[in-house]
Each structure stands twice: as structure tokens, then as C-alpha cells.
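Comments concern the structure below.
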Amino acid sequence: MGKTIPSRENVKKEHQWNLVKLFESENKWEESLTDLESMIPAISSYKGKLSDSAQSLKECLVYMNKVDLLDERLGVYAFLRQAEDQGNSDSSGRMSRYMRITTQAGAASSFFNPELLSIEDVKMKAFLADPTLNEFTITLNKMLRFKPHVLSEKEETLLAKQQEFTTTPSKAFSALTNVDIEFGEIETKEGMQPLTNATFGLLLQNEDIEVRKKTYNQFYNQLDIHKNTIAELYNGSVQTDIFKSSIRNYTSARKASLFTDDVPEEVYDSLVQAVTESLPALHEYYELRKQVLGLDELHIYDTKTPLIKDVKAVHTYEEAVDKIYCALEPLGDEYRKTLKEGLLGNWVDRYENKGKRSGAFSYGTYSGEPYIMINYNDENIRDMFTLAHEGGHSMHSWYSVRNNPIQNYNYTIFEAEVASTFNEQLLGEYLLKNTDSKEMKAYLIGNQIDDILATVYRQTMFAEYEHICHKMVEEGQPLTVDSLRSEYRNLLKKYFGPSVMLEETSDLEGLRIPHFYRAFYVYKYATGLSASISLARKVMTGGVKEKEDYTNFLKSGGSRFPLESLKLAGVDMSSPEPVKTALNHFAELVKELKGLLL
């Protein structure tokens, strides 16, 4: 008999997150929503007064913090309640009411940035030197960096009004590839399976080569029919990126994107160069795949199917927490005891129920706990890694909240991916050291290889492609179906190497990646994992200083720019060394796996 998925009301309370720190009851939430709405009119009372004095500016910032704190509490509660049961109409209604009020608050405060940035430089310098604004200097300095890229009030109004239609390429791409295109079905030994964007990757993991081949060809044959439309949509997205960057006086679209995190373009180029130099190890892995799978030819649709079948290893949720606790010993007692209490206490919504959102996430909040949602399965060892991953995010939030005022506690995605994948690194090493099973070792090493391949190599290939496409347009070259396919095929040959056979339609992959509609974002995944691998090696082989350095990074929250906060932890991401360390680790893992499988 199959597993029964319970309805939300039948889930044990001890297996649910406890949101009482946010609101004691739904009635309290409703009352607070009314409070937020009543606070909105007062926001406009600060308009036109920011330049009066340092005290006037502070009063506005303090009030905005008060609004933001309540807004966050309301929003997090509404989001979490909706995530636990997406079919619950009360939760949907709650979210809708919240969105209406928070949108009003956003509109009321929209004057702030333009007015702040219009303050004369001499006056603002005097404000920043005034002790009255000491607690806000970090926030203000981050905002003031954008002054050279802010336009007149009239121009900013025009840009704001065109925000909605600039997302048309992305929305049309999503509608076309997720709704309009019918990819059909694939016959497997389990029966007919629908082929969609969501199932494509899963079907390519099938052990039957004919299933993989048919999946690949059928999927890309459909994309081939719509290639001209998708190419025009992507061209429109690139053109929009370039328009936005040029009108705001940036030298390139990439420069504009990296400016927010204060990341030099050299970091991006250094990542691509380091990965390019390490490609022989990746090509060696594909050759190993070919040998282990016993194939005369390794096609691109054979690069996803697992080399090692899932290892049977049952861990209850509590056992998983214990293993994570042991694995994180290098981080010290405060870190792992706090995390263990949270994982076993009221931070986590543990198991699947009807209507619950799929996947997993951590949601940090200044007022409540760093909540985690997961759909834990005792028989899936990957879920233990997922729990460690989300626990890393949550502890990042936990330290940040306790060491920063609300205006400085939100860290960037650049930093977030370090704290989460760091925990996975420690867990992987712990499990490897504590197993005598050759099969388990191969499985764990294979997972680490897959993670680095997907996160460092593949995301860097995407990053390289994004840069090529934007640079072509910036230099006056048109983006066409043929030029896009040609550039992407060159990258496929470069990254997959001589052991992998490409199909005629393989270069259409460059037209199906949704991340490309949010340009120059994916490189952060590669730098994040590279940093966490380097840090994990430092902490595991180091002592008290290395642990303290890493903890100081977590404590810094959003008080520094990413490269600056990571230097606290002991890695300099402006240097290629952390990326090289991660890629050397990949090469070592490939050699270990080869020894276990051949």
C-alpha cells in the first residue's frame, strides 16, 4: 500500500513550524494589518523634509524602519501560512489583503530614494558626519552609491511607468514554454509520462537509453518549431537590459548588474578563466561516465543518468538532525546547539501534507525564527543534505539578526549560497569518513561531483553565454537564431569536450534557460559554492581562528558588501584562488570515483 499524504489538520503540531513569535493568532495578524494600513498616511509627512537636517532625515528613517518591521512580520506570516497549504482559501485571502496594503506602503514611500539622492553633496557629507545618523550610515552610503545613475524626477517617472512592459519577454517566454508548447508524452516501463519543462530533467536520468534519447529529441524538436519566436524574446530581453544600463550611465549591462553588490567585472572574468583552465578534469569525468555506462558513444542525453544507483539508507528526521549536529562540530557548540534546537523545535515544517508547497526553503525574519520548510523523506539521503543546506541559511539569519539593526540584517544571495552549501560540504565529509561501504562512498562522491558540475561548471557556462550575447548587441551585432545557436554550440563543445556527442538540436538549449531573462545572476551560484568549498576546507583543517572568522562572516549580515564580508570569513573572491581550490577538489573527487568504479 502506498504512502498516504495527510491533510494539514492531521499533521502533528510538533512537526509543524510554530509562528507564535510572529503572531499569537490570526486575529492578532488581522489587527496588525489594520495597524500597518493606519501607518501609511504618516509616511507622506516626511516628503520634502529629508534635506532639512540630519535629525529630520533620521526621524524619517526611524519611522520607515518601524513600518518595514511590521510589514515584514505580516508578509512572512502570510507567506508561510500559504506555503503550508496552498489550497487553503483563508491563506490565499490573507496574502491578497497583505499585498494590497504593502503595495500602498511602497507607493507612499516611493519619494524617499529620489529625494535622498537629490540632496546636495556638501549637505549630505555634513549629515553623514553628524552622530545623529550613526546607526544609518551604512544604509545611506549604500544608497548614495547610486547617485550617478539616478535620473531627473521626470525621467525616473517615465522609467517607472515602463517597468511593467519590460518584463513582457520573460512573461511571454514562460507562457510559451510552460503552457503553449505541448511536448507530448514519453513511454517508460512505469507507463506513459508527460514531458514538460519540469519532467525533462527527471526523464533524462532514466536508466533506459531509449527513454533518454526519445525524451531529448522530442523535447528539442518542439523547441525547434518555435526557435524564431524564442530568439526574438531573448533578443528583446537583452535589448531591455542594455537600454536600462545605458540610460543610467553604466558602461555595460553587466557592469550595471554587478554594481549593486559592488562586484568588479574582473571577478566575473576571473571565474570564467579559472573554470576554462580546469575543463580537462570535467572532460575526464565525462570519459569516466562513458566507461562506467558501457557506451561506445556518450551522447549529451547520457550525461544526467546516475552512475551510482540510489543507496538504501533510511534516516528518520531526528537521526538526520543528529548526523548534521555531529558533522558541524568544526563550527563550535553555539552554532550546532542552536541549530539542533531549532531543527527539533519550532523552526521547521517537516513533512509533506496535502496542498503544501513542494521543495524546501529557509525564510529568515527579524521578528520571528529563521523558519524552514521541507518535505522530508526518511528514505532519501538527499533530504538530509537539503536540511543541512536550509539550516545553513537559517543560522546565517540567526547570527545576522542578533548582530545588526533591521536596516543592515538582510544579506545578499551572493553570500547566502555560501552559508548553505558550506553545511553540505561538512556533512558530506562527515558521512564519507564514517562509512565503510564502497557503494555509499561512491554515491556520496558522485553527489559532490554532480553538485560542483551543476553549480560551478554549468552556471559558469551560462554566465559566459550571457556575457557574449550582451556584448554582441553592445557592439552592434544582431542576435539571431543562427548567431545564438552558433555561440551556444561553441560553448557546448568547449565544456563537454571530446567524449560527448552533441545532437543537431543541442544548441537550442540556449533558448530554454529561464535564468537568462534575469541577466548576470547565475554566476553567483558558481562563486557561492566555490567560496563554501574553500571555507569548508579552511575550517575543517584549521582551528579556533578559522571558526571565528566564519562566524564573523555570518554575523556581518548585510552590513558589508559581499566580497568584503567574505574576506572576514577568510576567502578573497576578488582572487581566482577560491575558485581554483573548488575545481582542484572536483578533480580529486573524479579520481576517487574512478578508483571506486573501475
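Couple of notes before you dig in:
- Looking across LEU74, LEU36, one residue alone is surrounded by 18 or more Cβ atoms within 10 Å (Cβ to Cβ), within 30 Å of TYR376 (Cα to Cα) and touching a residue at least 12 places away in the same chain (Cβ under 8 Å). It is LEU74.
- The single residue among LEU151, LEU159 that is in a loop (DSSP other than H, G, I, E, B), in contact (Cβ under 8 Å) with a residue 40 or more places away in the chain, farther than 17 Å from ASP52 by Cα and among the aliphatic types (A, V, I, L, M) turns out to be LEU151.
- In segment 308-326, the residue that is nearest to the chain's Cα centre (by Cα) out of those that are crowded, with 19+ Cβ neighbours inside 10 Å and among the hydrophobic types (A, V, I, L, M, F, W, C) is ILE324.
- Among the candidates ASN206, ASN197, the residue that is in contact (Cβ under 8 Å) with a residue 12 or more places away in the chain and farther than 30 Å from GLN239 by Cα is uniquely ASN206.
- Identity of the residue in segment 490-519, under 25 Å from GLU287 (Cβ atoms) and touching a Ser or Thr at 6+ places or on another chain (Cβ under 7 Å), that ends up surrounded by the fewest Cβ atoms within 10 Å (Cβ to Cβ): LEU492
- Taken as a whole, the structure places ARG81 among residues that are modelled with pLDDT of 95 or more, of a type in the set (D, E, K, R) and within 27 Å of the chain's Cα centre (by Cα).
- Filtering segment 414-422 for residues that are hydrophobic (A, V, I, L, M, F, W, C), surrounded by fewer than 20 Cβ atoms within 10 Å (Cβ to Cβ) and farther than 30 Å from LEU133 by Cα leaves an empty set.
- Annotation note: of SER56, SER91, the sole residue that is closer than 30 Å to ASP349 by Cβ, free of Cβ contacts under 8 Å to residues at least 24 places away in the same chain and surrounded by 14 or more Cβ atoms within 10 Å (Cβ to Cβ) is SER91.
- Scanning segment 237-270 for residues that are in contact (Cβ under 8 Å) with a residue 12 or more places away in the chain, over 18 Å from ILE468 (Cβ atoms) and outside any loop (DSSP other than H, G, I, E, B) yields LYS244, ILE247, PHE259.
- Residue in segment 306-318 that is closer than 22 Å to GLY557 by Cα, modelled with pLDDT of 95 or more and touching a Leu at 6+ places or on another chain (Cβ under 9 Å) present: no
- Restricting segment 436-464 to residues that are touching a helix residue (DSSP H, G or I) at 6+ places or on another chain (Cβ under 6 Å) and of a type in the set (Ser, Thr, Tyr), the residue that is surrounded by the most Cβ atoms within 10 Å (Cβ to Cβ): THR460
- All conditions but one from (1) in a helix (DSSP H, G or I); (2) modelled with pLDDT of 95 or more apply to LEU50; the one that does not is (1).
- Within segment 213-249, the residues that satisfy the criterion of being aromatic (Phe, Trp, Tyr) and crowded, with 20+ Cβ neighbours inside 10 Å are TYR216, PHE219, TYR220, TYR234.
- Long-range neighbours under 7 Å by Cβ, at least six apart or interchain, first residue closer than 27 Å to LEU70 by Cβ within segment 351-367, second surrounded by fewer than 16 Cβ atoms within 10 Å (Cβ to Cβ) and not hydrophobic (A, V, I, L, M, F, W, C): ARG357/GLN86; SER367/LYS21
- Taken over segment 356-415, the criterion of being in contact with a strand residue (DSSP E or B) (Cβ under 8 Å, 6 or more places away or on another chain) and of a type in the set (Ser, Thr, Tyr) is satisfied by SER362, TYR363, THR365, TYR371, SER394, SER397.
- The residue that is nearest to the chain's Cα centre (by Cα), among those in segment 558-583 that are buried (at least 23 other Cβ atoms within 10 Å of the Cβ) and not in a helix (DSSP H, G or I), is MET573.
- One residue from THR455, THR421 being in the same structural domain as PRO330 (by TED's automatic domain parsing) and part of a helix (DSSP H, G or I): THR421
- Selected residue (criterion: modelled with the lowest pLDDT) from residues of segment 483-521 that are over 21 Å from ASN178 (Cα atoms) and assigned to a loop (DSSP other than H, G, I, E, B): TYR521
- The sole residue among ILE308, ILE300 that is more than 17 Å from ILE449 (Cβ to Cβ), in contact (Cβ under 8 Å) with a residue 24 or more places away in the chain and not polar (S, T, N, Q) is ILE300.
- Take the conditions (1) at pLDDT 95 or above; (2) outside the structural domain of ILE230 (by TED's automatic domain parsing); LYS538 misses just one of them, which is (1).
- Selection count where residues are buried (at least 16 other Cβ atoms within 10 Å of the Cβ), closer than 18 Å to LEU502 by Cα and more than 29 Å from the chain's Cα centre (by Cα), scope segment 179-212: 1
- Test: PHE183 is touching a residue at least 24 places away in the same chain (Cβ under 8 Å) and in a loop (DSSP other than H, G, I, E, B): yes
The values are calculated or read from the model by the stated rules, or taken from the named source; none is laboratory data. What you are looking at is a predicted structure, and each value in this text was computed from that prediction instead of being measured. Don't worry about glycine lacking a Cβ; one is built from the backbone with ideal geometry, like all the others, and counts go over all protein chains shown.
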